[in-house]
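Reading through the structure tokens given below for one structure.
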Amino acid sequence: MDCMVLQGGRRLTGEVSISGAKNAALPILASILLGKGTSTLTNVPAVRDVLTMSKVLTHLGASVEARGDRYTITLPGVASCQAPYELVKTMRASVLALGPLLARWGEAIVALPGGCAIGARPINLHLAALEKMGAEIRIEHGNVHACVRGRLKSARINFDIPTVTGTENVMMAASLADGTTVLENAASEPEVSDLASFLIKRGARISGAGTDVITIDGVPELRGADHEIVPDRVETGTYLIAGAITGGEVRVVRCRPDHCDALLAKLQEAGVALKVEKEAIQVRAGGPLRAVDVKTLPYPGFPTDMQAQMMALMALARGSSVITETVFESRFLHVLELQRMGADIRIEGNHSVVTGVERLSGAPVMASDLRASACLILAGLAAEGETRVSRVYHLDRGYERLDAKLAGLGAQVRREAERV
């Protein structure tokens, strides 16, 4: 396994380009299973989860040709309806194969998903919705086995809580179901809207994506289409905080500022100077950072995927901030590692009280999940001395060439093999 070694205290400056969104690319790749034909995807991020999903598609019968960020995918038919554990054990998004396989091919066997250790994240909402649409589902030997006689039927689905992957899974399945399906309390994230845009290009009839009520009129079949993956709003936010935490001046380009409103508002409240353009954001540290309270919420609220990175910034702000996590119950695992670097943080239930300190000091730390990895990298950029972040394989699941992009901004960072 690799680790990332940083020499902190360098002010980041320059321009960085944002890659396509991992959380949009994965459901769009899974949706290829809904029909035959050829689709071409561009702005596909070079991250490990995308590579894993490509392997899943290949195993299931697709031909996947990748050239840089351009993927050409052809699905003549399915060779298997099973996404095995060996392929999907590290990636929760593997469950997104369930809806498409079931709707198009009548059967799906998908291993219960793995991924980051940030809470249970059950898929019961997916399964209950598919059962309401006529699927027969059983769980055995670590797999979800779903089948349907004929086509899925339409239904009115009211999710107990907004679920991004649940909304995507059921929306894909409903695209080929008989009748009109309505999803209430649906997730409204930009990645859901990006998936809907791709499905519509392929002939799906979907309205309301981006709101909490999505209506899908089932169609007999979907064709291939061309689509550009939306820019990654979490990567955007991570580089904005990298500029702010180092007192630098960074211009983030090829991004979607309108997808980052909640984060931008909090950064400005914290005293970070921002210049927002149509497809770019420039960040400049204007003075001492001010502590601000943050509460994670479903979109358009403050994203849970930016909570850890914001905590790293607040660790150096003047005053005390309260960071409240409402989406995942185990997403404070990075706190202990930040404390090793000198951060003053205490956990009270789903709240973390962060009292800013004058400086952080470099230390060996261990990443517990994807966004915690980014949090510790950000802290290491600002800390005095050397920070060694181990288990950065988490980082590779969701960030494209993070070390190279940071080095392009002036960071002193290198990747090396873990010491035994």
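What Kirkwood radius, in Å to one decimal, follows from the Cα pairs of the range 22-228?
Kirkwood hydrodynamic radius for the range 22-228: 16.5 Å.
What translational diffusion coefficient, in µm²/s and rounded to a whole number, does the Stokes-Einstein relation yield for the range 8-123 at 25 °C and a viscosity of 0.890 mPa s, taking the hydrodynamic radius as the Kirkwood radius over Cα pairs? Don't skip to the end; give the middle numbers.
Details: Rh = 15.1 Å.
Stokes-Einstein gives a translational diffusion coefficient of 162 µm²/s.
Which whole-percent values make up P(r) of the chain when all C-alpha to C-alpha distances are grouped in 20 Å steps starting at zero?
Per 20 Å bin, starting at zero, the Cα-Cα P(r) for the chain comes out as 28, 55, 17, 0 percent.
Count the lysine pairs in the chain whose Cα atoms lie under 25 Å apart, taking only pairs 8 or more positions apart in sequence or on different chains.
Final tally of qualifying lysine pairs is 23.
How much length is gained if the chain between residue 180 and residue 276 is pulled fully straight, taking 0.36 nm per residue apart and subtracting their Cα-Cα distance, in nm to one decimal?
Here the answer is 30.6 nm.
Using just the helices of the chain, give the 222 nm mean residue ellipticity in deg cm²/dmol: DSSP H runs with n ≥ 4 each add -39,500 (n - 2.57), and the total is spread over all residues, rounded to 500.
After summing the helix terms and dividing by residue count, I get -8500 deg cm²/dmol.
Rounding to the nearest 10 and keeping the result within 0 to 90°, find how far the Cα-based axis of helix 190-201 lies from the longest principal axis of the chain.
That helix lies at roughly 30 degrees to the long axis.
Enter the Cα centre distance for the pair the range 220-276 and the range 51-82, rounded to the nearest angstrom.
The two parts, judged by their Cα centres, are 29 Å apart.
Counting DSSP beta bridges with both partners in the chain, what percentage is antiparallel, nearest 5?
Taking every DSSP beta bridge within the chain, about 70 percent pair in antiparallel fashion.
Label points 7 Å out from Cα along the Cβ direction at residue 136 and residue 336: separation in nm?
4.6
State the extension gain, in nm to one decimal, for the chain segment bounded by residue 128 and residue 412, taking 0.36 nm per residue of separation less the distance between their alpha-carbons.
In short, 97.3 nm is gained.
Ordered by residue, what ³J(HN,Hα) values in Hz, to whole numbers, does the range 291-297 give under the Karplus form 6.51 cos²θ - 1.76 cosθ + 1.60, where θ = phi - 60° and Gly and Pro are x?
5, 9, 7, 9, 10, 6, 8
For the range 22-228, what is the relative contact order in percent, using Cα pairs closer than 8 Å and at least 6 residues apart in sequence?
Once normalised by length, the contact order is 20 percent.
Scan the chain and hand back the longest stretch that contains none of the trypsin sites (Lys or Arg not before Pro) lying in DSSP loops with at most 10 other Cβ atoms within 10 Å.
It works out to 1-148.
Which whole-number percent is the relative contact order of the range 321-360 (Cα, under 8 Å, 6+ apart)?
This gives 47 percent for the range 321-360.
Using Cα pairs under 8 angstrom and six or more residues apart, how large is the relative contact order of the chain, in percent?
Contact order relative to length: 21 percent.
Assuming 0.36 nm per residue, please report the length gained on full extension of the stretch residue 347 to residue 221 beyond their Cα-Cα distance.
Extra length available between residue 347 and residue 221 comes to 40.3 nm.
Under 13 Å from a point placed 7 Å out from the Cα of residue 258 along the Cα-to-Cβ direction: which residues of the range 173-209 have their backbone N that close?
190, 194
Considering amide H positions built from the backbone, and no H for Pro or chain starts, which residues 5 or more places from residue 249, or on another chain, come under 5 Å of its amide H?
Result for residue 249 returns 12, 13, 14.
Taking the 0 to 90 degree range and rounding to the nearest ten, how far is the long axis of helix 370-382 tilted relative to the main principal axis of the chain, both from C-alpha atoms?
Approximately 20 degrees, to the nearest 10.
Whole-Hz Karplus ³J(HN,Hα) for the range 247-252, in order, using 6.51 cos²θ - 1.76 cosθ + 1.60 and θ = phi - 60°, x for Gly and Pro?
x, x, 9, 10, 10, 9
All of the numbers you see were taken from the coordinates with simple rules; none came from a lab. Values in this document were obtained by computation on a predicted structure and should not be read as measured data. Cβ sites come from the backbone with ideal geometry, for glycine too, and all protein chains shown count toward neighbours.
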